[in-house]
Structures are given as C-alpha cells and as structure tokens.
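Student: This is the structure I want to talk about, given as structure tokens.
The values are calculated or read from the model by the stated rules, or taken from the named source; none is laboratory data. Here the structure is a predicted model, which means the values were calculated and not measured. Note that we place each Cβ from the backbone using ideal geometry, even for glycine, and neighbour counts take in every protein chain shown. Note: accessible area is taken over every heavy atom of the protein model, side chains too, but ligands, DNA and RNA are not part of it. Shrake-Rupley method; radii C 1.70, N 1.55, O 1.52, S 1.80 Å.
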Amino acid sequence: MARIRVLVVDDHRIFAESLAAALAAEPDVDVSAAGSGPAALRALERAAAEGRGYDVLLVDAELGALTGGGELPAVPAPRQEETAAVDGIALVAGVRAARPAVRSVVLAEKDDPRAAARALQAGASGWVAKDCSLQRLLSVIRGVLRDETHLPPALLTGVLRELTAARKHRTDSERLVESLTPREREVLRCMVAGLGRKAVAERLFLSPHTVRTHMQNVLGKLGVHSTLAAVALARRAGVGPADPGTGALGRDVVERGGQLAQ
C-alpha cells in the first residue's frame, strides 16, 4: 500500500496534535506536526535529505498569528534566529517554489474568498474548513495528490471574483509599466531591488541628479506618490529586481517625503 506522508503545520497545539492523531489512525497515512513555519521548513528539508519527503502539507490559514506559539514534539526546537513568524500563505508560496511536488492544503476557521484566492495564487491546492469531517479532509488530501483543486462550493463564486479582479489589477499595472522608457524600467527594477538613489547612480553610471529625475518620472507615469507604492505596483506587473552586479543590492528601502533616501 502506497503511504501518504502528511505534515500538519499549526501553532494551535491541541488542534494540531488532535488532527495528527486522527490522521495517523488511517492505514495509508504517515503524519507529523510542526508548530511554526520555520519548523515546517526544517521538517521538509530533513525528510527530503532522508529520501522520504512529504506529499501534503496541511497549513493553518492563521499560522503565526499567535504569540509565543511553541514547537510540537514531532519537530526539534528551533534555534533562536529561526523563531520569526511565517504566515500560512507565505509558507505555501515558499514550499511551492522550492518543492513543487508537495501539495499544500490550507485549513481555515472561516470562509474568506480573498484569503482563499491569495492561497490559490500562492500555490495551494485546496482550502478546507477546520471543522470539516475527517473523511472530507482525507478526500481532499487524496484529491490534491491527483492534481485536483478543492474549494468549498460556497467559496467558489467569491474566489473567482477575487481572481478576476486580481488579474485586471495586474493588467492595469502592466499597462502602466509599459509606458516607461527602457531607462526608466531599469531604474524601476533597481527600486524593486531596494537600491537607493546613489546606488542606482553607481549601477547605471548616471549622476544622482539624473537618477532623481528618472525616479520622479517613474512615480508620475505609474500614478503613485511613493517609492514603496511604485515597487508594489511593479511587483503586481511581474517586474523583478535588477540582477546582482555592481552596486549595493539588498539595501533596505527607506522613504523620506515619498522619495528614496540617499
């Protein structure tokens, strides 16, 4: 019998342990639990290194919302630097990017079309109520392994509306980005990378004054009033950061009066 390896990721200890115990009673399911996003990532890495990777993640939609959420016994305690909260949607996106064969199902206490749409966009294969029956959850787990997508019927219309609106928003953003000159797009990519005005000038071999003018033009054409808003719009349009090279990539974006600080 092919066994399904499931990792429950939830910082509600009692819920996670109860769900793991219920799933473990199934003859074809192996289950572990993690009490935080970092713990889940370590569990995935360890399982992959041992050649027995997980098949399905069951991720709490509100992961990271609790303060002081502890580790569960199935996962070693984290090092101090790894205790930063990771929300459920971010975990789904990270796992989807790093381990596309792993299917993620989000467990939620309430129906939320916007959050469900975000989960699907991040790469989740399903959205299930926490109070659903065990048989319903097992059906979803087995279904996503057949590349099915599972949503409660009551959420379907709302999720489709959210996805359609997101696509329109992206299309509008793409149109605005296309209005930029090639040089302005270069500057925008540097902004997305978090470069300040001096770093952009060094990278593009321009004077800081010229870069300032380009940045002002970018904000004007995109119809925004701050660098952070321009970066958010660029990301919606699919604009990535400038490739690493000369210049100081990775600096924090700092705004003063709507402009990048030098």
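Student: Please list THR164, THR227 from largest to smallest accessible area, probe radius 1.4 Å, with all protein chains kept in place.
Tutor: THR164, THR227
Student: What's the extension gain from ARG3 to ALA101 if we count 0.36 nm per residue and subtract their Cα-Cα distance?
Tutor: Using 0.36 nm per residue and subtracting the Cα-Cα distance, I get 33.7 nm.
Student: In Å³ and rounded to a whole number, note down the convex hull volume per residue for the Cα atoms of segment 1-69. Display every interim value, and only then the final one.
Tutor: On the way: hull volume 5.0 nm³, N = 69.
Value for segment 1-69: 73 Å³ per residue.
Student: Using modelled backbone amide H atoms (1.01 Å from N, in-plane), which distant-in-sequence or interchain residues come within less than 5 Å of ASP11's amide H?
Tutor: HN-HN under 5 Å from ASP11: GLY64.
Student: Using a Förster distance of 41 Å, how high is the FRET efficiency between ALA22 and ALA90, based on the Cβ-Cβ distance and rounded to 0.05?
Tutor: Once the sixth-power term is evaluated, E becomes 0.95.
Student: Each residue of segment 95-111 in order: what ³J(HN,Hα) in whole Hz does its phi give by Karplus 6.51 cos²θ - 1.76 cosθ + 1.60, θ = phi - 60°, with x for Gly and Pro?
Tutor: Rounded to whole hertz, the list is 5, 4, 6, 8, 9, x, 6, 7, 9, 10, 10, 8, 9, 10, 7, 8, 6.
Student: At LYS110 and ARG13, where each label point lies 7 Å from the Cα along Cα→Cβ, what is the point-to-point distance in nanometres?
Tutor: 2.7 nm
Student: Another question, if that's okay. Enumerate the amide H contacts of ILE4 below 5 Å, restricted to partners 5 or more residues apart or on another chain; note that Pro and chain-start residues carry no placed amide H.
Tutor: Long-range HN contacts for ILE4: VAL29, ASP30.
Student: Also, I was wondering about something else. Under a 5 Å amide H to amide H cut-off, with H placed in plane at 1.01 Å, what residues pair with LYS130 once short-range neighbours are removed?
Tutor: Residues meeting the amide H criterion: ALA108, GLU109.
Student: So for the pair HIS209, THR164, with labels modelled 7 Å out along Cα→Cβ, what separation do we get in nm?
Tutor: 5.2 nm
Student: Spin-label point model (7 Å from Cα, Cβ direction): what's the HIS225 to GLU148 distance in nm?
Tutor: With each label point 7 Å from Cα toward Cβ, the separation is 5.0 nm.
Student: Could you sort 19-27, 33-41 so that the peptide with the highest average Cβ count within 10 Å comes first and the rest follow in order?
Tutor: Packing proxy ranking, top to bottom: 33-41, 19-27.
Student: How far, in nm, would the chain grow between ALA129 and GLU202 when pulled straight, counting 0.36 nm per residue and subtracting the alpha carbon separation?
Tutor: Result: 21.1 nm gained on full extension.
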